[in-house]
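Below: the structure, in structure tokens.
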Number of protein chains: 2
Amino acid sequence: MIDEIQKQILEEVADLHKVPDGAYNIRANGESAGRNTTANIDIITKEDKSGIDIRIKPGTKNESVHIPVVLSKSGIKETVYNDFYIGEDADVTIVAGCGIHNCGNQDSQHDGIHRFYVGKNAKVRYVEKHYAQGDGLGKKILNPVTEVYQEAGSYVDMEMVQIKGVDSTVRTTKAELAEDATLIVHERLMTHGKQKATSVYTVELNGENSSTDIISRSVAKNESEQIFEAAIVGNTVCSGHAECDAIIMDKAHVVAVPKLDANNVDAALIHEAAIGKIAGDQLIKLMSLGLTEQEAEEQIISGFLK
Amino acid sequence: MIDEIQKQILEEVADLHKVPDGAYNIRANGESAGRNTTANIDIITKEDKSGIDIRIKPGTKNESVHIPVVLSKSGIKETVYNDFYIGEDADVTIVAGCGIHNCGNQDSQHDGIHRFYVGKNAKVRYVEKHYAQGDGLGKKILNPVTEVYQEAGSYVDMEMVQIKGVDSTVRTTKAELAEDATLIVHERLMTHGKQKATSVYTVELNGENSSTDIISRSVAKNESEQIFEAAIVGNTVCSGHAECDAIIMDKAHVVAVPKLDANNVDAALIHEAAIGKIAGDQLIKLMSLGLTEQEAEEQIISGFLK
């Protein structure tokens, strides 16, 4: 059921060169194109709407779930609801990329609504990669919504990456943390052409000693536009840090709007943001080693987004 | 025309122990209570609305203008428009405090709309202190609006201070900078009781090599609420930095929302914010020197706001 284009996209978004080990659900052009469950990880098709429930048993260790989505037909527009129930003490990796190949003239759009119910002391590594290609006039649109509900002592590490090719994206991430829970977010974003990308994070630190660290690195090329909003709300003894570093190039436009909201005397919240172009001396150094200006830029960007 | 209460308030908001040197306009309870002009600084009462025009001749050096406002009657509500025209190459200090003494049951409110037209290469030091006192049920309300239009090469250093006693304030500051212009803002704010304070800064860096540095330090005690918003818009080769440090105490609530808007590849914008309580080790150190906890807190706060 998977053709060559789809295979290539799967490599980009999920580093999948073959059928993955462990549990997976591959969605291609709005339909299931493969599924595997394990003794500990069940995947159930939702009956009331499009999407799946992923149920991970308490104590599941070192297992992974891949749920890549591929859109290779022009004109598909879908909203998919995926709910993850991660049992107590589980330690799992979830990979959820989406790739669009659109050579047609109609817009392709995938809006994935992901909800994570993370049990006590569970540990989740979540990787979400977005990628699009195709020379058609049709736009490639991705509007992911990610909701994270973390129980006591849980640890979630999210890597949110938009590699290239996505014309329009509004990324909305919302998290609520109970006591001793930790959420780490690493966002890496590159926009080019006339692309628009908006990222909105809201993290509520509700439980004692909860903490979050949100780190966004982005590069805006050509005439692209980026808006980054990150709100950390501290409602108790907690600590939060947000950092946004953006490289602006050409005629791009970057807006960073962090928000710290301290509702409690024991909330310690910090934010840093910096927007600027590639440092001239870095470029000159690399060019003195024989690189062209463009090669030097590419090398700096790739290091920055690594 | 100035009574004892008014004298005391003038000391708080304008460090005035006597009639100031240079130009001044003292406004008390909605009426002019004294005015002096100099050869270089003219003060003219507006004819179309409440307020004054302050005209400073080009090249005026080392002169000052004091325009303090005192409200000592309960129930006064006024909006005053003061426009400052600062000539090329002038180098002046402007002091514009407002103090409210309200022992009555009616609200007292002063909304000062200050506009600064700063000529080429002019240098302005602006000090604005807000203070209120009085045990009546009437609220003390101050809603200053400050607009700054800076021509090429001009330098403005603003010190915006709200000492204490102001029940409700919305401080709006907007600046537009031409080439080589610099705006420095130092805000110091303390709220206590059930006070609410909102500060909104918008600085547009429109001219090449314009720059701004906005530094806000605030302390929120008791059940007070503070909102700090600072937007820096970089439209050309320019640099902007905003920093917000807030100490939260008791049941206070502090929100910091900086915004960096880079519209040009040569705009370099940086922001930092931190909200937290007084560091425990600082308190312990001072207490080990014989201070009570409260004395230690007061000393730390006064150092922080200095």
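The values are calculated or read from the model by the stated rules, or taken from the named source; none is laboratory data. Note that the structure is predicted; figures quoted are calculated from it, not measured. Cβ coordinates were reconstructed from backbone atoms using ideal geometry, including for glycine residues, and neighbour counts include every protein chain displayed.
One table, with the values for the structure above:
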| read-out | value |
| --- | --- |
| Subset of the range B:218-235 (residues that are in contact with an Asp or Glu (Cβ under 6 Å, 6 or more places away or on another chain) and buried (at least 18 other Cβ atoms within 10 Å of the Cβ)) | B:Lys221, B:Val233 |
| Scope the range A:236-273; condition under 18 Å from B:Asn263 (Cα atoms) and surrounded by fewer than 22 Cβ atoms within 10 Å (Cβ to Cβ); matching residues | A:Asp245, A:Met249, A:Asp250, A:Lys251, A:His253, A:Val255, A:Val257 |
| Options A:Ser211, A:Ser108; residue that is in the same structural domain as A:Ala268 (by TED's automatic domain parsing) and farther than 19 Å from A:Val92 by Cα | A:Ser211 |
| Counted residues, the range B:58-84 - those being in a loop (DSSP other than H, G, I, E, B) and either acidic (Asp, Glu) or surrounded by fewer than 18 Cβ atoms within 10 Å (Cβ to Cβ) (or both) | 4 |
| Residue selected from the range A:168-196 under the condition polar (S, T, N, Q) and part of a strand (DSSP E or B), by the criterion farthest from A:His241 (Cα to Cα) | A:Ser168 |
| Residue, farthest from B:Ile52 (Cα to Cα), within the range B:85-98, restricted to residues that are surrounded by fewer than 24 Cβ atoms within 10 Å (Cβ to Cβ) and within 17 Å of the chain's Cα centre (by Cα) | B:Thr93 |
| Test: residue in the range A:134-156 that is over 13 Å from the mean Cα position of the chain (by Cα), crowded, with 18+ Cβ neighbours inside 10 Å, at positive phi and not assigned by TED's automatic domain parsing to the domain that holds A:Lys73 | yes |
| Subset of the range A:274-284 (residues that are in contact with an Asp or Glu (Cβ under 7 Å, 6 or more places away or on another chain) and either surrounded by 20 or more Cβ atoms within 10 Å (Cβ to Cβ) or facing chain B (nearest Cβ under 7 Å) (or both)) | A:Ala274, A:Lys277 |
| Test: residue in the range B:213-221 that is aliphatic (A, V, I, L, M) and at the interface with another protein chain (Cβ under 10 Å from one of its Cβ atoms) | yes |
| Yes/no for B:Asp261 being farther than 27 Å from A:Ala273 by Cα, within 7 Å of chain A (Cβ to nearest Cβ) and touching a residue at least 12 places away in the same chain (Cβ under 8 Å) | no |
| Any hit, the range A:246-258, residues being touching a helix residue (DSSP H, G or I) at 6+ places or on another chain (Cβ under 9 Å) and either more than 7 Å from every other protein chain (Cβ to nearest Cβ) or not basic (Lys, Arg) (or both) | yes |
| Residue match in the range A:224-242 (condition: under 23 Å from B:Ala268 (Cβ atoms), at the interface with chain B (Cβ under 7 Å from one of its Cβ atoms) and β-branched (Val, Ile, Thr)) | no |
| Residue count, the range A:102-114 (criterion: assigned to a strand (DSSP E or B) and surrounded by fewer than 24 Cβ atoms within 10 Å (Cβ to Cβ)) | 5 |
| Given (1) more than 14 Å from chain A (Cβ to nearest Cβ); (2) over 25 Å from B:Thr79 (Cβ atoms); (3) surrounded by fewer than 23 Cβ atoms within 10 Å (Cβ to Cβ), number of the condition B:Ala181 does not satisfy | (3) |
| Residues satisfying the stated conditions in the range A:169-220, i.e. polar (S, T, N, Q) and within 29 Å of A:Met249 (Cβ to Cβ) | A:Thr169, A:Thr172, A:Thr173, A:Thr191, A:Gln195, A:Thr198, A:Ser199, A:Thr202, A:Ser216, A:Ser218 |
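Yes/no matrix, rows are residues, columns are (1) among the small types (Gly, Ala, Ser); (2) modelled with pLDDT of 95 or more; (3) part of a strand (DSSP E or B):
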residue: B:Thr198; (1), (2), (3): no, yes, yes
residue: B:Val203; (1), (2), (3): no, yes, yes
residue: B:Gly207; (1), (2), (3): yes, yes, no
residue: B:Gln226; (1), (2), (3): no, yes, yes
residue: B:Val233; (1), (2), (3): no, yes, yes
residue: B:Val254; (1), (2), (3): no, yes, yes
residue: B:Ile275; (1), (2), (3): no, yes, yes
residue: B:Met287; (1), (2), (3): no, no, no
